[in-house]
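Each remark here refers to the structure printed beneath this line.
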Amino acid sequence: MSGKVMEPDEAIGGLRSGMTVGIGGWGARRKPMALVRALLRSEVTDLTVISYGGPDIGLLAAAGRIRKLVTAFVTLDSVPLEPHYRAARERGAFALTEIDEAMFLWGLTAAANRLPFLPVRAGLGSDVMRVDPELRTVRSPYGDGEEFVAMPALRMDAALVHLNRADRRGNACYLGPDPYFDDLFCEAADTAYVSCESLVDGFGDVPPQRLLVSRHAVTGVVEAPNGAHFTSCAPDYGRDEAFLRMYATTPWEEFAGRFLDGDEKTYQSAVEAWREEAR
């Protein structure tokens, strides 16, 4: 039985233009890049994207797929500011809501728990309230009377995440150092698509706390070896630093023409060919 197993293009086939899409991972770490590349092959556009941003945002921004971005940062880690994202912002290509990292977390938590907002201290005393005048504050109804930022829920139509291992029913585990809130992305979305390095029939001796994503929150599972490339997916592989720096310094049209003009197998073959040339 196939369970919820899909091909990348089949998973992205569940998305429509104008949707709000969350992308898991963190910066240049365990991003669902195979699914992002499948999204670029589709006609889906005019997206509101929610992400602790990395090259996922750079690719989508350069391709003109984003209408609005909600983020705490957009970085390649070793390159502090994602260059293709920066270029898109400088030409005013999309709207931006930039919030504190903790506010972002509590927005995901509110959405995962079907709450309209959560009161948080993050953001108080900063310019975030000035930069985003739509934010509101609430006062504690108890004797302390403390004032909080009312962080709105970050609800999504769909979420895309990448984990190390998954089974055919949609359970998935991470093996690296950090969950990167991928469980909250899945629970905060109406539909969620999980790509993984490999499908497994069971999780063996994996500690229970690493079984991050539960099948009830997953719509589809995609087996995508090397599917986080060029971001890291520890312990399976690290960040491809040489490829990352090439991406960061290559004009978008040139990069897209060489690496994104085809399916995922074509992309992986193009990466191998580039490595051979770079030796």
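The values are calculated or read from the model by the stated rules, or taken from the named source; none is laboratory data. Just so we're clear, the structure is a prediction, and the values are computed from it rather than from any experiment. As a convention, Cβ positions derive from the backbone with ideal geometry for all residues, glycine included, and neighbour counts pool all protein chains shown.
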Revision key, fill the gap. Within the stretch 193-216, restricting to residues that are in contact with a helix residue (DSSP H, G or I) (Cβ under 7 Å, 6 or more places away or on another chain) and either at pLDDT below 95 or not β-branched (Val, Ile, Thr) (or both), the one that is surrounded by the fewest Cβ atoms within 10 Å (Cβ to Cβ) is 212
Exercise for review: Scan the stretch 204-215 and report the pairs whose first residue is free of Cβ contacts under 8 Å to residues at least 40 places away in the same chain and whose second residue is in a loop (DSSP other than H, G, I, E, B) and surrounded by 10 or more Cβ atoms within 10 Å (Cβ to Cβ), with Cβ atoms within less than 7 Å and a gap of 6+ or a chain change.
Suggested key: 210/174; 210/175
Review point. Could we say that residue 62 is touching a helix residue (DSSP H, G or I) at 6+ places or on another chain (Cβ under 6 Å), in the same structural domain as residue 214 (by TED's automatic domain parsing), more than 22 Å from residue 260 (Cβ to Cβ) and modelled with pLDDT of 95 or more here?
Key: no
Check your understanding: If you check 132, 100, 127, which single one turns out to be under 22 Å from residue 74 (Cβ atoms), outside the structural domain of residue 158 (by TED's automatic domain parsing), of a type in the set (Asp, Glu) and in contact with a strand residue (DSSP E or B) (Cβ under 7 Å, 6 or more places away or on another chain)?
Key -> 132
Practice item. Filter the stretch 154-176 down to the residues that are under 17 Å from the mean Cα position of the chain (by Cα) and part of a loop (DSSP other than H, G, I, E, B), then identify the one that is farthest from residue 222 (Cα to Cα). Key: 154
Practice item. May I ask you to verify whether residue 91 is modelled with pLDDT of 95 or more and surrounded by fewer than 17 Cβ atoms within 10 Å (Cβ to Cβ)? Key: yes
Check your understanding: Quick one: what pairs do we get from the stretch 77-95, first residue without any contact (Cβ under 8 Å) to a residue 24 or more places away in the chain, second part of a helix (DSSP H, G or I) and of a type in the set (Asp, Glu), C-beta under 6 Å, 6+ apart or different chains?
Key -> none
